[in-house]
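The structure under discussion appears below in the form of structure tokens.
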Amino acid sequence: MRVALFTDTFVPKINGVARTLKRLTDFFEKKNIEYKVFAPEIPDYPFFHSRIHRLSSFRFFLYPECRVAVPNVMQMKAELQAFQPHLIHVATPFNIGICGLHYARKMQVPLVGSYHTNFDHYLRYYDLQFLSNFLWRYMHWFHRSMQKIFVPSQDTMEQLKRRGFTNLHLWPRGVDCSLFHPYYHQREVREKYNIDEKYLLVYVGRIAVEKDVQLLPEIAKRLPESLRDHVHWLVVGDGPLKEEMQQRAPERMTFVGYLQGSDLAKVYAAADLFVFPSATETFGNVVLESLASGTAVIGADSGGVKSIMQHGAFGYLCEPGAIDEFAAAIVRFLSNDTQRKQMELAGRAYALTQNWEVIFENLISEYEKVWRHHAERLHA
């Protein structure tokens, strides 16, 4: 099988979509599945791969971390005609994704898509709610020709069903439990960041308003004074809100920027608790990574996070935006060592069942169903 993947975000970008798609292409390599990726070029990133076609791009003015591609349609057409894909997978609804739609129709190649981001939820964080109806009309237009739309969680599937989407199929996320595990030396992280406090609380993700990360300083301040001085926070990630947050943050809150690989895994493992207030997740990869690391989670009772979490089993779920509820859940968790250990073990056990190999095998099986159905229709 030959798969052409169209995406407006890919490595070296650090986000859930880019990381998932990189894992997918790694799986393609392992299984000798031919593929071609169309993605934006990244300045000062010289890495070349014959299967990745980079397109000229520029920074998106509203969100400098994102890049808007400027496709060269003649080059893309020549690449696709030479590659002759059996299936096109469109992962994002922007410029490159639109090119994927166009070429699937022009070349009569079966088309699937994946839905990764709750853009409608993002609108309220940027005072753009008035665009909601337009956004959903666009999303319907964008996905209407797809034979299957892959969604990361049951909650996202139900949301899209309510909006009238069809041909939905669950494509959950896995976790690398050989990388994310509880067996690292925890002192290493504490020494690296000069942490002497008894408890280490961690957040991992973009530092942007739609992640509700701005709630963390407020949650820290609502902790009882008897506990507050014994808690240190590590905020892992970067984004447009970082500078403002650093100015507002309490003394015992350290911002460490992006971390990857074992550096990130060691932070999860060293943490006593992972705090994730984002209410906009379609899945929540970082939550699963934390559980795999033997670290329980306090998260928002919303979106993909609540599809992963079992309240009271792996941690606690709180009403989105409820600062006092998050603070109370932290106190409750840190004050009960027996229950805390049970949650950590249960979270790790659950993560061990979320195997990437099985998940990708199921995805390829769905690809093949779409491909065979398309071939049967052409020869009917």
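Straight-line reach from Lys36: taking Cα to Cα under 23 Å and skipping same-chain neighbours fewer than 8 places apart, the lysines in range are Lys13, Lys22, Lys77, Lys106, Lys148, Lys369. Relative to the longest principal axis of the Cα atoms of the chain, the long axis of helix 73-83 lies at roughly 80 degrees. Rg and Dmax, both from the Cα atoms of the range 291-380 and both in Å, are 19.7, 67. Overall, the accessible surface of the range 300-343 at a probe of 1.4 angstrom is composed of carbon and sulfur to the extent of 42 percent. Relative to the current alpha-carbon distance between Ala322 and Arg23, full extension at 0.36 nm per residue lengthens the span by 104.2 nm. For the pair the range 133-160 and the range 228-284, the centres of their Cα atoms are 31 angstrom apart. In terms of packing, defined here as the mean over residues of other Cβ atoms within 10 angstrom, the peptides 298-306, 105-113, 120-128 line up highest first as 298-306, 105-113, 120-128.
Taking all Cα-Cα distances within the range 291-330, those exceeding 15 Å account for 33%.
Can you work out the accessible area per residue across the chain, with the rest of the protein chains kept in place, probe 1.4 Å, in square angstrom?
On the way: 17420 Å² over 380 residues.
Per residue, the chain has an accessible area of 46 Å².
In the chain, helical runs assigned H by DSSP with n ≥ 4 each contribute -39500 (n - 2.57); averaged across all residues and rounded to the nearest 500, the mean residue ellipticity at 222 nm is -13000 deg cm²/dmol. Dividing the mean sequence gap of close Cα pairs (under 8 Å, 6+ apart) by how many residues the chain holds gives a relative contact order of 14 percent.
Extension gain for Ala78 to Asp127 (0.36 nm times residue separation, less C-alpha to C-alpha distance): 13.5 nm.
Going by average Cβ neighbours within 10 Å, how do the peptides 242-248, 345-351 rank, with the highest at the top?
Working: 242-248: 13.0, 345-351: 19.1.
Going by the mean number of other Cβ atoms within 10 Å, highest first, we get 345-351, 242-248.
According to the square roots a ≥ b ≥ c of the eigenvalues of the Cα gyration tensor, what is the shape class of the range 238-353, taking rounded for a/c under 1.5, prolate for a/b larger than b/c otherwise, and oblate for the remainder? Here the range 238-353 falls in the rounded category. Coupling constants for the range 196-202 follow from the phi torsions by the Karplus curve (6.51 cos²θ - 1.76 cosθ + 1.60, θ = phi - 60°), and in residue order they are 10, 5, 5, 10, 10, 10, 10 Hz; glycine and proline get x.
Need the C-alpha centroid separation for the range 68-124 versus the range 1-21, integer Å. Result: 12 Å between the Cα centres. Annotation: for a label point projected 7 angstrom from Cα along Cα→Cβ of Met1, residues of the range 325-362 with backbone N closer than 19 Å are 355-362. Taking amide H atoms as placed 1.01 Å from N in the peptide plane, the amide H of Arg67 lies under 5 Å from those of Phe60, each 5 or more residues away in sequence or on another chain. Working from label points 7 Å from Cα in the Cα-to-Cβ sense, the Lys341 to Gln154 distance is 3.1 nm. In the chain, the longest principal axis of the Cα atoms and the axis of helix 356-378 are about 20 degrees apart.
Shown here are the Rg and Dmax of the Cα trace of the range 173-250, at 14.3, 39 Å.
Extension gain for Ile364 to Leu179 (0.36 nm times residue separation, less C-alpha to C-alpha distance): 64.2 nm. For helix 95-107, what angle does its Cα long axis make with the longest principal axis of the chain, in degrees from 0 to 90 and rounded to 10? Here the helix axis deviates by roughly 30 degrees.
Measuring r between the beta carbons of Leu227 and Leu352 and using R0 = 35 Å, the FRET efficiency lands at 0.65. Modelled spin-label separation between Leu170 and Arg51, with each label point placed 7 Å from Cα along the Cα-to-Cβ direction: 2.8 nm. What is the log10 of I(q)/I(0) for the chain, computed with the Debye formula using one identical point scatterer on each Cα and no solvent, at q = 0.07 Å⁻¹? Evaluating at q = 0.07 Å⁻¹ gives log10 I(q)/I(0) of -0.33.
The values are calculated or read from the model by the stated rules, or taken from the named source; none is laboratory data. In this text, all values refer to a predicted model and were calculated from it rather than measured experimentally. With ideal geometry, Cβ positions are generated from the backbone for all residues, glycine too; neighbour counts draw on all protein chains shown. For accessibility, only protein heavy atoms count, side chains too; no ligands or nucleic acids. Shrake-Rupley method; radii C 1.70, N 1.55, O 1.52, S 1.80 Å.
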